[in-house]
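Following: one structure in structure tokens, then a few remarks.
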Amino acid sequence: HMGFDAAFDSNTFEALCRAHIKAFSRGAERYAAETNLSRRVGDWQRRLAPILEEEEQRAEFDIHSYGHRILERIETEIKDQRLAHKKYQAPHALLSSQSNVVDFQSVTNDCTQFEVCRLFMASLMLSNSGNVLLSRDGTESEEAATSNENCLRIELLKSNFELPMETYLVPSTIVDDNTGINSVEVS
């Protein structure tokens, strides 16, 4: 009877030790993984901190002021093109249909990379509001156009700048002035 208890206790102790070693091993693996993740997060934070600090030093991005800036630059560039055209062409010569088209690069001359991104974003807003038409120079293949930053063209459609969200009326709020009834049919 005593031998049985000793054998049982020995097996139980051994199983208990194995279970503790296994649990410790799993904990050590988790700790190593967390330590590796913590190191990677720390590295990421160290790389990102100067970038974020630099961004904090920049002026706030106001898409509308950048939109005005684009329209002003396009108008200036068009005037310069017309003056150059008059200087080198006969006075009666007609301007081409491309007279309101400028290269995006001429709008972004002397701009930093982050400003070029902001100007591009604002040009998308201007395109959406109908002020400009964006296109690529049609003389190149599509593959060449995607690798050439000089192929983006902006055509001035209208220079009066309206803030789309300030002039937008939701259809459900439009009321007929004559009848006082909402002009949108309710289904």
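The values are calculated or read from the model by the stated rules, or taken from the named source; none is laboratory data. If you're wondering where the values come from, they're calculated on a predicted model, not measured in any experiment. Accessible surface areas use protein heavy atoms only, side chains included; no ligands, DNA or RNA. Shrake-Rupley method; radii C 1.70, N 1.55, O 1.52, S 1.80 Å.
Within the same chain, lysines fewer than 8 places from Lys87 are excluded, and of the rest, those with a Cα less than 22 Å from its Cα are Lys79. Taking all protein chains into account, the per residue accessible area for region 13-131 stands at 76 Å² (1.4 Å probe).
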